[in-house]
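Engineer: Please read through the structure below; I'll follow up with questions.
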Amino acid sequence: MTTEPGGLRPEPEPGAKPGPEPEPVTRSAPRPVRPVVLSQSWLDLTFLHWPVDPAAVAPLLPRGTVPDTFEGRTYVGLVPFRMDRVGIGWGPGIPYLGSFAETNVRLYSVDEAGRRGVVFRSLEAARLVPVLVARGVFGLPYMWARMDVCRLGTRTTPEFRYTTRRRAPRPRGAGGSVHIRVHDRIADPDPLTDFLTARWGLHVAWHGRTLYLPNTHRHWPLHEAELLHLDDDLITAAGLPAPLDPPVSVLYSPGVRARFGLPVTCAGPEPA
């Protein structure tokens, strides 16, 4: 199924170069991922989202990308979850080091080829070795943190509480807690939900270049969720304005198994 949200690009300033025309939002990956270089499971995810002015986040995106927008607004997401069985290729996953709690702060981007993606401003993770590898090899802003994911509530109405506190790098102690209650499965997600969750790659600045890392997974199984408690300063630690209102979207997913392909270059180094 394809949905095409309206208002995808704000009107350019007079004389400005038009922005890229984004690909349609699709609930399945728009192209195959071959070869598979990395596999991982994302489990017990909570998606919290706030609208933000595209002009406020544009300077935070890698070169060659602009904010992806829905009806004139872009979004900042706070997403705590459990990473599980990270492995090379189609492998089963690395014991211990491949499973850990994670929380990311993310923005939404589109490159000059129209590929939609996410840009991570920070990724808190509870295993030091994956943090060092991800920072050194992929240039991703991983942070070493104390993290915990607890399942509460009942079998029919589960709740999840996520807590995190950054160890390094600075600002040490950044973090907080998220507590949600899970409700009914969403049979047919609305266009905004698709826009926020149907993302098939990430943009990252890497040694003067901007890379796009494609991924694929099955359709997201999504549930409505109720935010019971939020105490967070990761968004402001990531250089973004502090949200003044509750999130406009609160979602839960039991998770998916994702696979990543080889990165492609979106933008090369600045000319000398």
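Engineer: Going through region 226-258 one residue at a time, which ones are over 22 Å from PRO141 (Cβ atoms), among the aliphatic types (A, V, I, L, M) and either out of contact with any Leu (no Cβ under 8 Å at 6 or more places or on another chain) or in a loop (DSSP other than H, G, I, E, B) (or both)?
Structural biologist: LEU228, LEU244, VAL248, VAL256
Engineer: Still on this structure: Which residues, taken from region 125-139, are over 18 Å from the mean Cα position of the chain (by Cα) and either buried (at least 20 other Cβ atoms within 10 Å of the Cβ) or assigned to a strand (DSSP E or B) (or both)? Step through it out loud before you land on a result.
Structural biologist: Start the filter on region 125-139 by keeping residues that are over 18 Å from the mean Cα position of the chain (by Cα), which leaves 127-129, 132-133, 136-137.
Hit for region 125-139 is ARG127, nothing else.
Engineer: With ARG218, ARG185, ARG257 as the choices, which residue is open to solvent by less than 60 Å² (accessible area, probe 1.4 Å), within 19 Å of LEU45 (Cβ to Cβ) and not hydrophobic (A, V, I, L, M, F, W, C)? Give the derivation first.
Structural biologist: Working: ARG218 fails: open to solvent by less than 60 Å² (accessible area, probe 1.4 Å); ARG185 fails: open to solvent by less than 60 Å² (accessible area, probe 1.4 Å).
Within the list ARG218, ARG185, ARG257, the selection yields ARG257.
Engineer: Would it be correct to say that GLY72 is over 26 Å from ASP231 (Cα atoms), in contact (Cβ under 8 Å) with a residue 24 or more places away in the chain, in contact with a Cys (Cβ under 7 Å, 6 or more places away or on another chain) and not β-branched (Val, Ile, Thr)? Give the steps one after another, and end with the answer.
Structural biologist: Details: over 26 Å from ASP231 (Cα atoms): yes; in contact (Cβ under 8 Å) with a residue 24 or more places away in the chain: yes; in contact with a Cys (Cβ under 7 Å, 6 or more places away or on another chain): no; not β-branched (Val, Ile, Thr): yes.
The answer is no for GLY72.
Engineer: Within region 140-180, how many residues turn out to be under 16 Å from PRO80 (Cβ atoms), among the basic types (Lys, Arg) and surrounded by 13 or more Cβ atoms within 10 Å (Cβ to Cβ)?
Structural biologist: 4
Engineer: If we only count strands (runs of 3 or more DSSP E) wholly inside region 53-116, which ones have 1 or more residues that are under 18 Å from PHE138 (Cβ atoms), out of contact with any Asp or Glu (no Cβ under 7 Å at 6 or more places or on another chain) and open to solvent by 30 Å² or more (accessible area, probe 1.4 Å)? Before the answer, list the steps.
Structural biologist: Numbers: elements: 65-67, 74-88, 100-111.
Once the strands (runs of 3 or more DSSP E) in region 53-116 are filtered for at least 1 residues that are under 18 Å from PHE138 (Cβ atoms), out of contact with any Asp or Glu (no Cβ under 7 Å at 6 or more places or on another chain) and open to solvent by 30 Å² or more (accessible area, probe 1.4 Å), what remains is 74-88.
The values are calculated or read from the model by the stated rules, or taken from the named source; none is laboratory data. Keep in mind it's a predicted model, so treat the numbers as computed, not measured. All Cβ positions, glycine included, derive from the backbone under ideal geometry; neighbour counts span all protein chains shown. All accessible areas refer to the heavy atoms of the entire protein, side chains included, with ligands and DNA or RNA removed. Shrake-Rupley method; radii C 1.70, N 1.55, O 1.52, S 1.80 Å.
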